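The values are calculated or read from the model by the stated rules, or taken from the named source; none is laboratory data. Computed from a predicted structure; not experimentally measured. For neighbour counting, all protein chains shown are included, and Cβ atoms are generated from backbone atoms with ideal geometry for every residue, glycine included.
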Amino acid sequence: MREKLSKKKMLNKARTLFWSKGYHATSMRDIASAYGCKPANIYNFFTNKEDILYQVLVGAMESVITPILPIADDTDMDPVEQVRLIITSHLKVNLKYRRATALLFDMAMNFLPTQKQKKIVDLRDKYDKIIRNVVKRGVDSGCFPEIDAKLASFMIISMLARTRIWFHPKKGLSIDELADFIFNFAIGGLSGSDSPKALN
């Protein structure tokens, strides 16, 4: 347990430094200093700095996908509730490291070799496919009218991803309230309503 917690802390420190200083400007010594250990200790967990960046990005994607894996092929659960689960779980995971993660996905992934980039893209595609299938099941079951499932899933993902940039819990809106608003907004669009329901 101690080893897992130590590795997680190192990844968190590295994530923050990659965001604040930039990937190239951050050294293994910087990460060790932020963590409170010697640079050599970092190599007990990671091969090099590239490995750290890769694990940060893969971990971020896996943490978003894991909560919705159970609904990937679930035809029993109401698609509307599946949309709610996707939105709520994504926000609760994604906003924890909102700014750092947003910057890394937008810029630093290009620092990885092609094969490692492909792994992350494959995870993104897997996430996209789950949401697309949920929308399609909603259309097939009559919960939603005929709609382009691919385009609808991209719109939902875009709404969720952009919250990393502007959301701050001290500005009067909690994550739960934001999840409710986005859910109502998304369902309003999926159902063909002219406007989303107001927050309760």
So Asp30, is it in a loop (DSSP other than H, G, I, E, B), among the acidic types (Asp, Glu) and surrounded by 13 or more Cβ atoms within 10 Å (Cβ to Cβ): no
Pairs with Cβ under 9 Å, 6+ apart, first in the range 131-148 and polar (S, T, N, Q), second buried (at least 17 other Cβ atoms within 10 Å of the Cβ): Asn133/Ile71; Asn133/Ala149; Asn133/Ser153; Ser141/Pro79
Does the range 63-86 contain any residue that is over 30 Å from Glu177 (Cβ atoms) and more than 12 Å from the chain's Cα centre (by Cα)? yes
Do you know which of the residues in the range 131-156 that are in a helix (DSSP H, G or I) and among the β-branched types (Val, Ile, Thr) is farthest from Val56 (Cα to Cα)? Val139
Looking at Ala25, Ala14, which one is farther than 26 Å from Ser174 by Cβ, surrounded by 18 or more Cβ atoms within 10 Å (Cβ to Cβ) and at pLDDT 90 or above? Ala14
Of all the residues that make up the range 107-130, how many are in a helix (DSSP H, G or I), touching a residue at least 12 places away in the same chain (Cβ under 8 Å) and over 22 Å from Asp76 (Cα atoms)? 8
